[in-house]
Amino acid sequence: MKASDAVYRMMKEHGGVFTVTTLLGNKHDFHMSQDDKYIYSDSALPNQKLEFSVIDKVADFIRKSGGTVRKGNGHDSKVGGKHCGQDTMMYFVATEIYGHREGESTYDPIFALAAILDNAGVVDNLRGKIKLKAEYMK
């Protein structure tokens with residue numbers, strides 16, 4: 001099963017709205033678009049649409065990285081910097097999803113992506129890293 005299928009199923013089972021809790025204990029409501037193509041959250045990802053294909057790209061990156069990656073941080077570091085290095089999920093999202101280059105600032109959606117994937121049963125969302133569950137390593 002694809003990671004996006006798990007998130008899609010979770011959203012459908014909850015009527016297109018699902019509340020995730022981040023590691024910091026913050027709660028965010030995510031909604032599925034009426035055309036079922038993306039999810040969004042006014043509180044966690046304002047003015048952004050998270051297409052289901054992004055979820056699969058992130059899961060593929062984690063898989064290709066051995067199943068566990070550092071999350072990274074786009075708040076305190078520019079792309080390619082100390083907290084947003086090439087071995088982080090944040091670097092992957094910044095460069096491959098948002099199209100940013102090294103040295104540029106980026107928006108940091110990792111807390112939301114990690115919480116969504118964890119709630120859908122795709123990953124274990126841990127402090128500082130994210131681990132893909134065995135059934136998604138294939």
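Counting the residues of the stretch 111-126 that are of a type in the set (D, E, K, R) and either part of a helix (DSSP H, G or I) or modelled with pLDDT under 95 (or both) gives 1. Residues of the stretch 32-50 that are in contact with a Pro (Cβ under 8 Å, 6 or more places away or on another chain) and either of a type in the set (Gly, Ala, Ser) or open to solvent by 50 Å² or more (accessible area, probe 1.4 Å) (or both): Ala44 alone. Might you let me know whether the stretch 19-31 holds any residue that is at pLDDT below 95, surrounded by fewer than 19 Cβ atoms within 10 Å (Cβ to Cβ) and touching a Phe, Trp or Tyr at 6+ places or on another chain (Cβ under 7 Å)? Yes, some residue in the stretch 19-31 is at pLDDT below 95, surrounded by fewer than 19 Cβ atoms within 10 Å (Cβ to Cβ) and touching a Phe, Trp or Tyr at 6+ places or on another chain (Cβ under 7 Å).
Against the criterion of being open to solvent by less than 50 Å² (accessible area, probe 1.4 Å), in contact (Cβ under 8 Å) with a residue 12 or more places away in the chain and under 15 Å from Ala3 (Cα atoms), Ala94 does not qualify. Being of a type in the set (Gly, Ala, Ser), open to solvent by less than 20 Å² (accessible area, probe 1.4 Å) and not in a helix (DSSP H, G or I) is a property that holds for Ser77.
His83 meets the conditions (1) open to solvent by 50 Å² or more (accessible area, probe 1.4 Å); (2) of a type outside the set (S, T, N, Q); (3) within 22 Å of Lys2 (Cα to Cα) in every case but one. The failed one is (3). Has the stretch 102-110 got at least one residue that is of a type outside the set (A, V, I, L, M), assigned to a strand (DSSP E or B), open to solvent by 30 Å² or more (accessible area, probe 1.4 Å) and touching a strand residue (DSSP E or B) at 6+ places or on another chain (Cβ under 9 Å)? Within the stretch 102-110, none of the residues are of a type outside the set (A, V, I, L, M), assigned to a strand (DSSP E or B), open to solvent by 30 Å² or more (accessible area, probe 1.4 Å) and touching a strand residue (DSSP E or B) at 6+ places or on another chain (Cβ under 9 Å). Does the stretch 51-59 include one or more residues that are under 26 Å from Lys138 (Cβ atoms), surrounded by fewer than 21 Cβ atoms within 10 Å (Cβ to Cβ) and among the small types (Gly, Ala, Ser)? Yes, the stretch 51-59 contains a residue that is under 26 Å from Lys138 (Cβ atoms), surrounded by fewer than 21 Cβ atoms within 10 Å (Cβ to Cβ) and among the small types (Gly, Ala, Ser).
The values are calculated or read from the model by the stated rules, or taken from the named source; none is laboratory data. Predicted model only: the values in this text are computed from it and were never measured. Cβ coordinates were reconstructed from backbone atoms using ideal geometry, including for glycine residues, and neighbour counts include every protein chain displayed. Quick note on the areas: whole protein, heavy atoms, side chains included, nothing else; ligands and nucleic acids left out. Shrake-Rupley method; radii C 1.70, N 1.55, O 1.52, S 1.80 Å.
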